[in-house]
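Trainee: Here you go, one structure.
The values are calculated or read from the model by the stated rules, or taken from the named source; none is laboratory data. Please read these numbers as outputs of a predicted model, since none were measured by experiment. Heads up, the Cβs are rebuilt from the backbone with ideal geometry, glycines too, and the neighbour counts pull from every protein chain shown. Please note that ligands, DNA and RNA were not included when accessible areas were found on the heavy atoms of the full protein model with its side chains. Shrake-Rupley method; radii C 1.70, N 1.55, O 1.52, S 1.80 Å.
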Amino acid sequence: MNGMKINAQFDQPVVLLPKDMKWVASPSPGVERKMLDRVGGEVARATSLVRYAPGSYFDPHVHSGGEEFLVIEGVFSDEHCDYPAGTYVRNPIGTKHKPHSQNGCIIFVKLHQFDPADTAHFSVHLDNLQFEDGGAPGVEFAWLHRFEGEDVKIVRWAPGSSYPTHVHDGGAENFIFEGSLSDEHGHYPKGSWDRTPPGWKHTPYTNEGCLTWTKTGHLTPEKLGIFRAPTQKSLN
């Protein structure tokens with residue numbers, strides 16, 4: 001892939017706090033992005049926060065590399081459905097839509113990062129998830145999606161909870177959309193994003209409690225090597 005490279009060294013840890021991020025205009029009027037990682041030009045393998053002003057939209061497009069997103073604020077819409085805050089959506093390779101927002105919204109979105117064999121196409125709201133024991137007092141999680149060693153979940157941390165020191169063998173990525181989380185490497189308030197490579201070790205804890213979108217197992221060289229180069233018009 002040619003073009004822009006932002007946090008494109010996937011064997012290195014990266015942390016972005018809200019104060020580190022800036023909104024930049026997209027080619028669509030009223031749609032802005034905070035680019036978290038990106039490999040490619042306007043069409044890219046990308047992880048972003050995307051903000052739609054009321055009445056803004058993207059032109060119809062095909063997801064040549066797949067799309068997953070979590071609605072953080074407001075209501076995101078397309079011709080298929082309205083997705084209120086707290087909705088997680090997977091649009092696999094080959095799906096098509098025209099995204100827009102009547103009253104404005106913010107989404108956390110990942111593009112061109114689907115295994116071609118992963119064809120699950122669905123949406124689910126956090127209110128409908130079943131949480132289970134996360135392996136430490138006060139820590140619970142709910143599955144969003146699982147495929148071939150790649151796990152996506154919501155993790156709910158009670159105030160004052162912590163988790164024992166551990167290693168994510170396949171790498172890990174987190175977006176904090178409520179509360180704050182800390183570990184021996186730093187403090188991560190609401191709106192923070194981090195990505196750590198395979199073998200990264202830490203001991204997380206929280207004072208106020210938090211909710212995180214967490215993905216693990218997707219940053220091995222084998223996983224990173226399966227993603228197709230973008231070939232279609234940009235989406236988000």
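Trainee: Full extension from E79 to H121: what is 0.36 nm times the residue separation minus their Cα-Cα distance, to one decimal in nm?
Mentor: 13.6 nm
Trainee: Picking from G104, G55, G171, which is most flexible by a Gaussian network model of the chain using Cα springs under 10 Å?
Mentor: Judging by the Gaussian network model, the answer is G55.
Trainee: If ligands, DNA and RNA are left out, what is the accessible area of M4 with a 1.4 Å probe, given in Å² to the nearest 10?
Mentor: Spelled out: M4, probe radius 1.4 Å, area about 80 Å².
Trainee: Would you mind working out the magnitude of the charge dipole of the range 72-147 relative to its Cα centre, with +1 at each Lys and Arg C-beta and -1 at each Asp and Glu C-beta, to the nearest 20 Debye?
Mentor: 320 debye
Trainee: While we're here: Based solely on C-alpha atoms, express the radius of gyration and the Dmax of the chain in angstrom.
Mentor: That works out to 16.9, 46 Å for Rg and Dmax.
Trainee: Can I ask one more? Within 9 Å, Cβ to Cβ, of H202, how many net charges do the neighbouring residues add up to if Lys/Arg are +1 and Asp/Glu are -1?
Mentor: Taking every other residue near H202 into account, the sum is -1.
Trainee: Please list, ordered by chain and number, the residues whose modelled amide H lies under 5 Å from the amide H of H202; skip anything fewer than 5 residues away on the same chain.
Mentor: When sequence neighbours closer than 5 places are left aside, the close amide H contacts are H166.
Trainee: Treat every Asp and Glu Cβ in the chain as -1 and every Lys and Arg Cβ as +1, leave all other atoms uncharged, and give the resulting dipole magnitude about the Cα centre to the nearest 20 debye.
Mentor: 700 debye
Trainee: Anything over 19 Å Cα to Cα? Flag those among K5/K34; K98/K153; K190/K215; K22/K96, in the order listed.
Mentor: K98/K153; K22/K96
Trainee: Here is a follow-up. Can you pull the accessible area of T87 for me, 1.4 Å probe, Å² to the nearest 10?
Mentor: In the full protein context, T87 sits at about 10 Å².
Trainee: Sticking with this one: How about the range 1-40: which trypsin sites (Lys or Arg not before Pro) there are in a DSSP loop, with at most 16 other Cβ atoms within 10 Å of their Cβ?
Mentor: Those satisfying the criteria are K22.
Trainee: Can you sort S26, S162 by solvent-accessible area, 1.4 Å probe, largest first?
Mentor: Listed by decreasing accessible area, they come as S162, S26.
Trainee: Once every DSSP H run of n ≥ 4 in the chain is given -39500 (n - 2.57) and the sum is divided by its residues, what mean residue ellipticity at 222 nm do you get, rounded to the nearest 500 deg cm²/dmol?
Mentor: 0 deg cm²/dmol
Trainee: On a full-extension model of 0.36 nm per residue, what is the gain between H185 and F147, subtracting their alpha-carbon distance, rounded to one decimal in nm?
Mentor: Length gained between H185 and F147: 10.7 nm.
Trainee: Something else: What list of ³J(HN,Hα) values in whole Hz, one per residue of the range 171-178 in order, does the Karplus curve 6.51 cos²θ - 1.76 cosθ + 1.60 (θ = phi - 60°) give from phi, with Gly and Pro shown as x?
Mentor: x, 8, 9, 9, 10, 9, 10, 8
Trainee: Quote the FRET efficiency, to the nearest 0.05, computed for T203 versus A25 with a Förster distance R0 of 35 Å and r equal to the Cβ-Cβ distance.
Mentor: 0.35
Trainee: Something else about it: Which ³J(HN,Hα) values in Hz, rounded to whole numbers, follow from the phi angles of the range 121-127 under the Karplus curve 6.51 cos²θ - 1.76 cosθ + 1.60, where θ = phi - 60° and Gly and Pro get x?
Mentor: 10, 6, 9, 8, 9, 4, 5
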